[in-house]
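Undergrad: This is the structure, below, for whatever I ask next.
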Amino acid sequence: MMNNARVFKKTAPNGKITVYVERRELCMKEDGIQPLRGVLYVDADYVKDRKVFGQFVLTFRYGREDEEVMGLRFCNEACLQANQLWPLQDADKEEAFKNISPLQDTLVKRLGNGAVPFTFNVSSLAPPSVTLLPARTYVGAPIGTNYDLRVFVGENPDDKPHKRSSIRMGMKLYQMAPSADRPQPYASFSKQLLLADGQVEVEATLDKEVYERGEPVVVNVSVTNHSSRNVRKIKVFVVQYVDVAMFSNGKFKNIVATMDTTDGCPVTSGASLSRQFKLSPARGTIKNWIALEEFYDRDSALASSVVKPDTQEKNVFAIYVSYYVKVKLCTTTSSQKVKLFTSAIGGEVSVKVPFKIMHRKALGETETPATTLLPEAPTNGAPITTSQSMFDLTSTDTRRGSAKTRRSPPSRSTSEDSGRCSEMGQSHVDPDRFRTSLQIQARNRNRLVDSAC
């Protein structure tokens with residue numbers, strides 16, 4: 001049986017070098033990050049005595065592009081790995097062809113001379129991809145942690161790439177949910193209300209700890225009233241909490257789902273009530289910066305949870321995202337029908353239950369608007385379908401019989417917008433020092449938080 005496999009393809013503007021990769025979304029598992037495997041096809045007559053280099057680059061933008069003035073740049077780049085892809089030395093060539101995947105082997109056989117496989121092993125210290133959207137309207141370069149694969153022709157790896165002979169392909173790193181089963185999240189709280197006798201107890205339980213994107217969050221709430229007041233309303237909402245590690249005050253909260261009810265209320269003194277709520281977290285009206293999967297997509301989903309491993313220190317490049325359910329009670333006195341939030345006198349009666357929005361399985365390749373077939377070549381492998389990059393896709397107008405180029409909106413660091421950060425230069429970072437590479441700069445940038453965040 002012949003199985004179809006799909007790869008992602010992007011060609012330089014001059015058409016002389018082409019990159020094929022198996023996936024653009026790399027999974028971060030407990031044992032490390034998936035390697036980035038692909039094939040480079042080179043026109044040897046064009047390259048001649050020059051070389052082709054590849055880089056896996058992290059782009060961290062921590063401020064609005066439209067607020068960059070007088071040479072100030074809210075952007076940093078770090079090259080996590082750099083390799084010479086063409087020509088390969090004899091020792092490197094033997095190693096490159098020794099550990100290739102079946103898909104790479106099929107691509108090399110189909111493309112023939114000029115095709116070489118490559119593999120990038122990303123450091124486990126690299127943080128997951130997260131995109132931030134400011135509350136005010138913003139259309140500049142994506143803010144947050146992004147990655148891209150850069151391939152260019154040059155004499156030395158430090159040469160400035162020429163746009164016509166270079167390729168940028170956006171990549172994404174995401175965390176997988178832990179495989180171990182954990183108990184259902186549960187929290188309870190009881191409080192003595194000011195100017196009232198007795199306590200109010202509230203318990204909240206979730207049906208599971210990890211939710212897939214799009215799944216409703218099921219919350220079971222139990223209220224027991226031992227006070228002299230009545231519980232008039234129950235409010236339940238989901239909060240997204242964002243922590244930008246580079247800044248001490250880079251913390252934001254947004255309510256992404258809310259629900260309140262008066263069914264079964266008021267809960268009088270000595271009575272109890274149990275209710276179940278289903279909330280669907282989604283992007284809505286925001287008051288602070290919010291973490292999303294894709295910046296330029298209006299229907300973009302909320303970002304997945306980003307958890308700091310227990311064995312690692314806080315990464316200055318990371319943007320940590322967490323979610324929790326908060327249950328809040330609204331009470332009134334038994335003699336007055338006046339709405340009274342207990343937070344106004346003596347604190348509020350509320351409870352928080354954390355949970356995660358993560359992927360339980362590795363993501364497949366994302367759907368793309370156009371596909372083409374690889375050039376025919378003798379091979380015994382499976383037929384390969386390539387998905388063009390989301391930029392500069394070519395579509396044919398059947399009414400005019402001509403081809404036209406469609407420009408897709410930029411995304412992550414793949415677009416030309418990310419090129420605006422290139423003036424800062426790139427730094428080749430040793431993975432062993434990756435955690436502390438910008439700690440000194442981070443302290444100096446705290447004075448810029450008001451304009452950057």
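Undergrad: With a sphere of radius 13 Å drawn around the Cβ of G198, what net charge do the other residues whose Cβ falls strictly inside it have (Lys, Arg +1; Asp, Glu -1)?
TA: 0
Undergrad: Now for a separate question. Sort 140-146, 52-58, 355-361 by the packing proxy (mean of other Cβ within 10 Å over each peptide's residues), most packed first.
TA: 140-146, 52-58, 355-361
Undergrad: To continue, here is another question. If Rh is defined by the Kirkwood formula over all Cα pairs and Rg also comes from Cα, what ratio Rg/Rh do you get for the stretch 40-199?
TA: Here the Rg-to-Rh quotient is 1.20.
Undergrad: How much net charge surrounds S101 when only other residues with a Cβ under 10 Å from its Cβ are counted (Lys, Arg +1; Asp, Glu -1)?
TA: For residues surrounding S101, the net value is -1.
Undergrad: For the stretch 45-163, what is the number of Lys pairs with C-alpha distance below 27 angstrom, counting only pairs 8 or more positions apart or on separate chains?
TA: Lysine pairs, 8 or more places apart or on different chains, close enough: 13.
Undergrad: Here's a follow-up. Please list, in order along the stretch 54-64, the HN-Hα scalar couplings obtained from phi with the Karplus expression 6.51 cos²θ - 1.76 cosθ + 1.60 (θ = phi - 60°), rounded to whole Hz, x for Gly and Pro.
TA: After applying 6.51 cos²θ - 1.76 cosθ + 1.60, I find x, 9, 10, 10, 9, 10, 10, 9, 10, x, 6 Hz.
Undergrad: Continuing with this model, one more query. Output the peptides 279-287, 176-184, 122-130 sorted from most to least packed, where packing is the average of other Cβ atoms within 10 Å over each peptide's residues.
TA: 122-130, 279-287, 176-184
Undergrad: Right, another one. Find the accessible area per residue for the stretch 1-91; the probe is 1.4 Å, ligands and nucleic acids are left out, and the unit is Å².
TA: 45 Å²
Undergrad: While we're on this one: Based only on Cα atoms, what mean projected area does the convex hull of the stretch 69-143 have, in nm²?
TA: Across all orientations, the stretch 69-143 yields a mean hull projection of 9.1 nm².
Undergrad: Out of residues 5 or more away from L173 or on other chains, whose amide H comes under 5 Å of its own, with H placed 1.01 Å from N in the peptide plane?
TA: For L173, the qualifying residues are L26, S129.
Undergrad: Tell me whether the stretch 161-261 comes out rounded, prolate or oblate; compute the Cα gyration tensor, take square roots of the eigenvalues as a ≥ b ≥ c, and use a/c under 1.5 as the rounded threshold.
TA: Since a/c reaches 1.5 and a/b is larger than b/c, the shape of the stretch 161-261 is classed as prolate.
Undergrad: Considering only protein heavy atoms, what per residue accessible area in square angstrom results for the stretch 139-189 with a 1.4 angstrom probe?
TA: 49 Å²
Undergrad: Show the residues, 5+ positions off or on another chain, whose built amide H is closer than 5 Å to the amide H of A271.
TA: N225
Undergrad: Tell me, what is the 1.4 Å probe accessible area of W86, in Å² to the nearest 10?
TA: Counting only protein heavy atoms, the figure is 50 Å².
The values are calculated or read from the model by the stated rules, or taken from the named source; none is laboratory data. Quantities reported herein were computed from a predicted structural model and do not represent experimental measurements. Cβ sites come from the backbone with ideal geometry, for glycine too, and all protein chains shown count toward neighbours. SASA here: full protein model, heavy atoms, side chains in, ligands and nucleic acids out. Shrake-Rupley method; radii C 1.70, N 1.55, O 1.52, S 1.80 Å.
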